[in-house]
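First up is the structure itself, then whatever we jot down about it.
Each value in this text was obtained by applying a stated rule to the coordinates, not by laboratory testing. Nothing here was measured: the structure is a model prediction, and the numbers come from that model. Quick reminder, even Gly has a Cβ in these numbers, built from the backbone with ideal geometry, and neighbours come from all protein chains shown.
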Amino acid sequence: MNAQSARVLFRRQLLAGGRPRAGAGAAERGQYRCLSCTARQLQQQQTPPKRDGTTHFGFETVAEALKEQKVRGVFSSVASSYDTMNDLMSMGIHRLWKDHFVRNLNPGRNPLTSGPSEQKGWNILDIAGGTGDIAFRMLDHASTINHDAHTKVTVADINPEMLAEGRKRALETPYARSPRLNFIEANAEKLDMIPDNSIDLYTVAFGIRNFTHKEDAIREAYRVLKPGGVFAVLEFSKVNNGLFDAVYKRWSFSAIPLIGQLVAGDRDSYQYLVESIERFPSQPQFRDMIQDAGFLVPGQGWEDLTGGIAAIHKGVKPA
């Protein structure tokens, strides 16, 4: 088994929640085989989706050209109170979700277990990660758990105010002036500055529901990832218990906009964020979008967190 095959097998084991084991190659290839992925991908390339020039902004229907501007406005407004926003949206649990998300991905390449021919460190792209919340966790994990001083993270965000907040917070970390951390302004639907097959791990946490064309962003993720690279999303989702769902929706639609007004002086932005969660695809629907882009999806395709308030989705780019 060459170094590239070993890396692919390791990531497939990672997605399955296990560890690499001898002789597992054939079994894992069978587990992740997706006979329809290639056909779906070819069909998508040949038949672009029909668009009528409108999309949703929360519960509002707007012109596609306006959504990006309106989303920029929301996050410009909440950039300085981003942690407060997520505390309100998740009842404070988002910090635990993010920790679990990063531990589960296990970023970094341990020099004690890596072959001499393997690239040092991972190249990670964190999309919609302007404040650095996920990037700092990734670098901390790679450094302290995997003893990897080479893994690097590029944080990409469409909003300059969010990036400014991330750069400010980076000053309180060891990575502020390190080549291991970079911030760029970019639209996830068109990542022209990122070469094909160059990224080991692509992450997006609490951001993809705000994209105008989610399918385009997922296809761009597929393009920039290396064969065997991992696409990982942490996002608010659909609660899977009827009673809990009713309670959570009452909290979301009644309390969160009001608290947003009181805490941040911005009811409208928090109202949009609640509505954007409601409009986001269900767990099976989003899993299918990932598969349609060509990714192999482990198991059922997602992991529910706190009864489905949020979910982690993963896909691996075939070798």
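Structure data summary
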item: Amide proton proximity set for Leu305, modelled H, under 5 Å, gap of 5+; result: Ala310, Ala311, Ile312
item: Cα gyration tensor shape of the stretch 116-251, rounded if a/c is under 1.5, else prolate or oblate by comparing a/b with b/c; result: prolate
item: Long-range HN-HN contacts of Gly229 with modeled amide H, under 5 Å; result: Lys317
item: Counting DSSP beta bridges with both ends in the stretch 115-232, the antiparallel % (nearest 5); result: 5
item: Estimated vicinal HN-Hα couplings, Hz - the stretch 215-222 in sequence order (Karplus 6.51, -1.76, 1.60; Gly, Pro = x); result: 4, 5, 5, 5, 5, 5, 4, 4
item: Cα-projected label distance for Ala149 with Phe253, points at 7 Å along beta-carbon direction, nm; result: 5.5
item: Packing-based ranking, highest mean first, of 232-244, 165-177 given that Cβ atoms within 10 Å are counted; result: 232-244, 165-177
item: Segments 281-294, 149-162 sorted - mean Cβ within 10 Å per residue, highest first; result: 149-162, 281-294
item: Kirkwood Rh in Å, taken over the stretch 134-207 so that all alpha-carbon pairs contribute; result: 13.2
item: Protection proxy ranking of 307-316, 271-280 - average other beta-carbon atoms within 10 Å, highest first; result: 307-316, 271-280
item: Viscosity 0.890 mPa s, 25 °C: Kirkwood-radius Stokes-Einstein D of the stretch 201-300 over Cα pairs, µm²/s; result: 161
item: Derived scalar couplings ³J(HN,Hα) [the stretch 133-140; Karplus, 6.51 cos²θ - 1.76 cosθ + 1.60; whole Hz; x for Gly, Pro]; result: 3, 6, 4, 4, 5, 4, 5, 4
item: ³J(HN,Hα) computed for each position of the stretch 157-165 - Karplus, 6.51 cos²θ - 1.76 cosθ + 1.60, integer Hz, glycine/proline x; result: 8, 7, 10, x, 5, 5, 5, 4, 5
item: Rg(Cα)/(2.2 N^0.38 Å) for the stretch 112-154, N = residue count; result: 1.23
item: Links that overshoot a 22 Å alpha carbon limit, given the list Lys152/Lys317; Lys168/Lys249; Lys67/Lys98; result: Lys168/Lys249; Lys67/Lys98
item: Virtual spin-label span in nm between Ser80 and Lys190, 7 Å along Cα→Cβ; result: 3.2
item: Net lengthening on full extension, Met91/Ser282 (0.36 nm per residue, minus Cα-Cα); result: 66.7 nm
item: Contact order normalised by residue count of the stretch 225-319, Cα under 8 Å, 6+ apart, percent; result: 46
item: Relative contact order computed over the stretch 158-273 (Cα-Cα under 8 Å; 6+ residues apart), in percent; result: 20
